[in-house]
Structures are given as structure tokens and as C-alpha cells.
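Quick notes on the structure that follows.
The values are calculated or read from the model by the stated rules, or taken from the named source; none is laboratory data. For clarity, every value in this text was computed on a predicted model and none was experimentally measured. Methodologically, a virtual Cβ is constructed for each residue, glycine included, from the backbone with ideal geometry; neighbour enumeration extends over all protein chains shown.
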Amino acid sequence: MRGEKKLLTASDLASLCQVDLKTIHNWVDRGRIAHFRTPGRHLRFRAADVAEFLRTWGYTVPRELARASAKSVAFVGSAEAFAVVSKALPNATMKHLPHPYDALVMAGADAPDVYIIDVASVGSEVDVNRVLEVLHRACPQVGLVALCDELPGMPSFVTRLAQSEAGSLAPSLVTERPAEPAPAAPRVVDDDT
């Protein structure tokens, strides 16, 4: 599911909310739900946007939709630190990567929403700042968090948290990735006027 982004149609959303299709179009016109249009002008909704909309307006979020919109986190570091971070982020889909090179491979194949790097666990093996720069260049939309007390020269695009703050990671992950640009609708020009 991570490779492809789950999209819903206006009819899918109408079924979820048990409303008429015209109601969905009214909500879109009023800006109540994030959407984009296909080149054929059909409405499409990203799973994460639909899940947020359903929560905001008091609807029940179906389990498969909640899974599709959950944050994915790749943790680079020791198994002990991974256990602490996993407890702090119970709703995230977690993946443990024991070595920073695994993170670089993952960036090219199936990038997560957030990378968390335990600098104390891997700092002696590689240049962590260099790994962070390469990850940022490979996937600029991905959040980067470094668990460390001190990391000289850390890039500005990285969120730094002290080792003792590993249990308070959730606020760092609330920041959403920049929205993917919506496909542009074709512009229709009427030359008969």
C-alpha cells in the first residue's frame, strides 16, 4: 500500500458518509475536504484526507482507511531504542532498520513518512550528517528526526531530540509532509467568442 497512494472517488466517499453524491460536491465546493481533480475533471480524495475529514466531522473511520492513512516510520538504531520509540508512537507503522545504509536503500524503494535516527547507536559507524543530507536529497518530503544530545553541524531540515525525549516523539511527527501537487486540470479555451 505504501508504494501507491490510496485514492477514493466521490462515490466512495458518499457511501462512507451515507450521503448523496451531490452532498459530496457541495462539501468540495465549500472547501470542507481536500481533493483534486483528474484530467477528466473527476473528483479524487487521498485516504489520509478522507480519514481526517471523517474524524473531524464525527464519522467512524473504517479500519482499512485508518491503516492506509497511518504514518509510517523507519527507525535506524538499536533494538532497545526501537522498543522505546515504538511505545511512544503506538499508531504509527514502524520498521526497524539496524544500519543507516538500510535507510538509504529504503529511500529509493519505499520511503516512509518519517525517518528517526538514533545517533548514539549508529554515529560511530557512519557520518550521520551525511546520511541525513542524502536522505533529504532523495526524499525531500520525508521528515527527519535525530535522537541525540549533541550533533555538531546537523542540517537545519532535521528535528533534533535529546535521547531522554525519545518518549515524546509524537509532537515531532504531527507536522505533515508537504502536500503532493494535485494533477493540473486541462484548461479549456473557447475560441468562438
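Looking only at segment 16-38, residues that are among the charged types (D, E, K, R) and touching a Ser or Thr at 6+ places or on another chain (Cβ under 9 Å) come to 1 in all.
For (1) at pLDDT below 60; (2) over 23 Å from residue 81 (Cα atoms), each residue gets a yes or a no:
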residue	(1), (2)
130	no, no
148	no, no
160	no, no
171	yes, no
180	yes, yes
185	yes, yes
188	yes, yes
192	yes, yes
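I'd like to know if segment 11-25 contains one or more residues that are surrounded by 19 or more Cβ atoms within 10 Å (Cβ to Cβ) and not in a helix (DSSP H, G or I). No, the conditions are met nowhere in segment 11-25. Among the numbered conditions (1) farther than 29 Å from residue 148 by Cα; (2) outside any loop (DSSP other than H, G, I, E, B); (3) modelled with pLDDT under 90, the only one that residue 84 does not meet is (1).
Restricting segment 113-142 to residues that are of a type outside the set (A, V, I, L, M, F, W, C) and crowded, with 20+ Cβ neighbours inside 10 Å leaves a set whose member that is farthest from residue 101 (Cα to Cα) is 113. Applying a threshold of 8 Å to beta carbon distances and a minimum spacing of six or more residues, or different chains, the list of pairs starting in segment 143-158 at a residue that is free of Cβ contacts under 8 Å to residues at least 60 places away in the same chain and ending at one that is surrounded by fewer than 17 Cβ atoms within 10 Å (Cβ to Cβ) and among the acidic types (Asp, Glu) reads 155/133.
With respect to the stated conditions, residue 85 is in contact with a helix residue (DSSP H, G or I) (Cβ under 7 Å, 6 or more places away or on another chain) and either in the same structural domain as residue 147 (by TED's automatic domain parsing) or within 30 Å of residue 131 (Cβ to Cβ) (or both). Among the residues making up segment 143-152, those that are more than 10 Å from residue 117 (Cβ to Cβ) and either surrounded by fewer than 19 Cβ atoms within 10 Å (Cβ to Cβ) or outside the structural domain of residue 77 (by TED's automatic domain parsing) (or both) are 149, 150, 152. Filter segment 50-79 down to the residues that are more than 30 Å from residue 147 (Cβ to Cβ) and surrounded by 18 or more Cβ atoms within 10 Å (Cβ to Cβ), then identify the one that is modelled with the lowest pLDDT. It comes out as 65.
Only one entry of 85, 50, 76, 61 meets the criterion of being touching a strand residue (DSSP E or B) at 6+ places or on another chain (Cβ under 7 Å) and farther than 30 Å from residue 124 by Cα, and that entry is 50. Any residue at all in segment 51-70 that's within 30 Å of residue 162 (Cα to Cα) and not hydrophobic (A, V, I, L, M, F, W, C)? Scanning segment 51-70, I find at least one residue that is within 30 Å of residue 162 (Cα to Cα) and not hydrophobic (A, V, I, L, M, F, W, C), so the answer is yes.
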